[in-house]
1. Compare 34, 46 by solvent-accessible area with a 1.4 Å probe and give them largest first, with all protein chains kept in place.
2. Would you tell me the accessible area of residue 30, worked out with a 1.4 angstrom probe on the heavy atoms of the protein chains, in Å² to the nearest 10?
3. For a Förster distance of 41 Å, can you work out the FRET efficiency between the beta-carbons of residue 54 and residue 28, rounded to the nearest 0.05?
Amino acid sequence: MDGAPPVPSPLVPLEDVSSDSSMSLEQKTTFVFVILLFIFLGILIVRCFRILLDPYRSMPTSTWADGLEGLEKGQFDHALA
């Protein structure tokens, strides 16, 4: 075993990778776009958990019946033709 040559790993490339280690413009743009999507996803997750923990805080205090003038709340007048 001490005289055997090392077996190359399939995960390690044999050629020199330091010649082109920089990312192309398309890869950089994709990377930034994916990061922005993850930030947006995080904001949505936080917002959903806040609504789940306190659902009544996000609801408006006025109701649909506040704008009724001549009718009592909960009553509807239907005109017969």
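1. The ranking, largest first, comes out as 46, 34.
2. Surface open to solvent at residue 30 totals about 70 Å².
3. Step by step, r from the Cβ atoms, then E = 0.55.
The values are calculated or read from the model by the stated rules, or taken from the named source; none is laboratory data. What you see is a predicted model; the values in this text were computed from it and never measured. Every residue, glycine as well, gets a Cβ built from its backbone with ideal geometry; the counts of neighbours run over all protein chains shown. All accessible areas refer to the heavy atoms of the entire protein, side chains included, with ligands and DNA or RNA removed. Shrake-Rupley method; radii C 1.70, N 1.55, O 1.52, S 1.80 Å.
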